[in-house]
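Here's the structure we're looking at; comments come further down.
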Amino acid sequence: MPNLDHPAYPADDLFHLESLVPCRESQVSMLLSIFGERQQFSFPSIFIYGHTSSGKTYVMQTLLTTLQLPHVFVNCVEYFTSRLLLEEILIQLQNRSPGTEQTSPVHCDTLNDFVRLFKQAVASQKLQDETLYIVLDRAEQLREMEANILPAFLRLQELTDRNVTVVLLSEIVWELFRPNIGCFEPFTMYFPDYSIGHLQKILSQNHPPEYSADFYAAYINILLGVFYMVCRDLKELQHLAALNFAKYCEPVVRGEANERDTRKLWKNIEPHLKKAMQTVYLREISSSQWERLQHDGGEPGQLKGLSAHTHVELPYYSKFLLIAAYIASYNPVRTDKRFFLKHHGKIRKTNFMKKHEKTSNHLLGPKPFPLDRLLAILYSIVDNRVVPTANIFSQITSLVTLQLLSMVGQNDQLDGPRYKCTVSLDFIRAIARTVNFDIIKYLYDFL
C-alpha cells in the first residue's frame, strides 16, 4: 500500500513519485494536501526551510515535474536583483509550452509592470483554470532586494487575482525574513535532517548492478559508521561513497575474500577511510587524483600543492602582507635590524637572547605588532617599490575579514591599530612558496 494517496492524481504517478523521494513521504503528502486539485486555489505562499541537503529543492522539483504541474523554478542566487528575478519568472512562464519561445526580450522594471505582464502571460499560456507554482530557491537572497519584493511575492495571488502559489525555499527560519512593518504570513513547513537510517536507505539505492544490494548496503553501513558523526550532508556522503567503493571491492576482485567476508573488507578499507576523513567537504584533490593516490598507497599531502590550504587565492601583495605579518608576529622587534638591514654587524644569537627569549616564539604564540612595523617589513621583502596606497590598506582589511589577521585593541588608539597573524607555519610556508619566498630564513626561531 503506497504512502502517497490523493484523488486528484493518478495512482501510477504517485507510486512513481514515492520511489523518487525516499524518506520524504510525509512532507510530499503534506504538500499534496496543501496543493489540492489542479483547478482549486491553493495557499498563496508556502515557506519551506531546513538545513543543507535536506531535500527541499529536489523534492519540489520532483513533485512538480512528476505530476506535471505548471511551475516556474528560479534560483535567487543566480538572479540576484529584483529586475533579473522578475524578468526570469516571466521568461520561463512565456516559454513553458513548446513552440512558444520568447523572441523579443522581456523588460520589467517595476512590480506594476510585473503584475501586468504576469496576467498577460497566464492568459497566453491558458493557465487560468489551474494553479501555477512559482518556486524561489535560496529565498534568503530576497532580503537583500528592495523592501517591497518579499511582501509582494507573499501576496502575489491577491495582487494578480490569479491562481498562483509562491513557494520559498530557504535554509533559515521565517523569523529572520519577517519585515518589521509586517507582511502576509506564509504557510511554514520544516524539512528535518535525514537520520542515519534514512541515509542508509537512500545511499543503498545507488548500488552498482555488478554487485548485490546486500554487499553495497554493508559498504554504506561501514561508511556511515565512520563519517556520520562529522558529516551528515547527503551530497558529500554520496561523493565519498562513489570515491571509495572501488577500494572496498579490491579484495573481492583479487579473489582474496568474498562478499560476505566483512572483516577482511573492513581491514582493507579502514586506512583509506581515515585518509578521506581528513578531507571531508574540502575537495582538496580531484577524484582522479584521489584514486591515483589510493592505487599508489600514498598520502594526500604527498602531492605538492594539492592541499586546499595552499590554494587560498590572494592578491599578489596580500601574500606578502601576510608573510610580513607572520614575521612581525613571531620575531622579536629587535631582530628586525638583523634580518632587514644590509650592514647590521654580526650578532650572535646566544649573546643576543635574553632570559625570556630562550623559549621558542612559535610555542608562545603570535604577538601583536603595529601597522608601521608591518609596512616596514613589507617594503623590505618585496623586490619592487611598493607605494602605500589605499589598495594596500584595503588588502590589510580583507586579511582581517578572512580571519588571517586579527586586530588587537580598539581602532581609536592614538598609536594606531595593532594586529596579530593567526595562520600556522605550514600555511604561511605554502603561501610563501607561491611567490618564491623562503620564509624560514627570516624567522628567528630557525636560526
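Numbers below:
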{"item": "With all protein chains modelled, accessible area of Ser97 [1.4 Å, Å²]", "result": "40"}
{"item": "Rounded to whole Hz, the Karplus (6.51, -1.76, 1.60) HN-Hα couplings of the stretch 135-143, x for glycine and proline", "result": "9, 10, 7, 6, 5, 4, 5, 4, 5"}
{"item": "Sites Arg178 and Val77, calculated FRET efficiency, Cβ-Cβ separation with R0 22 Å, nearest 0.05", "result": "0.55"}
{"item": "Segment Leu84-Gln68, extension gain: residue separation times 0.36 nm, minus the distance between their alpha carbons", "result": "3.2 nm"}
{"item": "Vicinal HN-Hα couplings computed from phi for the stretch 270-275 (Karplus, 6.51 cos²θ - 1.76 cosθ + 1.60; Hz; Gly/Pro x)", "result": "4, x, 6, 5, 5, 5"}
{"item": "Residue-normalised accessible area of the stretch 97-225, given per residue in Å² at a 1.4 Å probe", "result": "51"}
{"item": "Flagged links, alpha-carbon separation over 25 Å, of Lys367/Lys441; Lys275/Lys367; Lys56/Lys119; Lys275/Lys441", "result": "Lys275/Lys367; Lys56/Lys119; Lys275/Lys441"}
{"item": "Amide H within-cut-off set for Ser45, under 5 Å, with H built and near neighbours excluded", "result": "Val166, Phe187"}
{"item": "√(5λ) per eigenvalue of the Cα gyration tensor, the stretch 40-100, largest first, Å", "result": "21, 18, 12"}
{"item": "Under 5 Å, built H, 5+ apart or other chain: amide partners of Tyr419", "result": "Phe369, Val408"}
{"item": "Cα coordinate range in the stretch 215-267, projected on the principal axes (Å, largest first)", "result": "34, 17, 16"}
{"item": "Reachable aspartates and glutamates, given that their alpha-carbon falls under 17 Å from the alpha-carbon of Lys264 and they are not under 8 places away in the same chain", "result": "Asp214, Glu250, Glu256"}
{"item": "Cβ-Cβ FRET estimate between Arg260 and Tyr190, R0 fixed at 56 Å, reported to 0.05", "result": "0.85"}
{"item": "Where only alpha carbons of the stretch 71-173 are counted, the Rg and the Dmax (Å)", "result": "13.0, 40"}
{"item": "Spacing of the two label points (7 Å from each Cα toward its C-beta) at Arg143 and Ile34, in nm", "result": "2.0"}
{"item": "Per-residue HN-Hα couplings for the stretch 200-207 [Karplus 6.51, -1.76, 1.60; θ = phi - 60°; Hz; x = Gly/Pro]", "result": "4, 5, 5, 5, 5, 6, 9, 6"}
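The values are calculated or read from the model by the stated rules, or taken from the named source; none is laboratory data. Source: prediction; values computed, not measured. So basically every Cβ, Gly included, is an ideal-geometry build from the backbone, and we count neighbours across all protein chains shown. We work out accessible area using only protein heavy atoms, side chains counted, and drop any ligands, DNA or RNA first. Shrake-Rupley method; radii C 1.70, N 1.55, O 1.52, S 1.80 Å.
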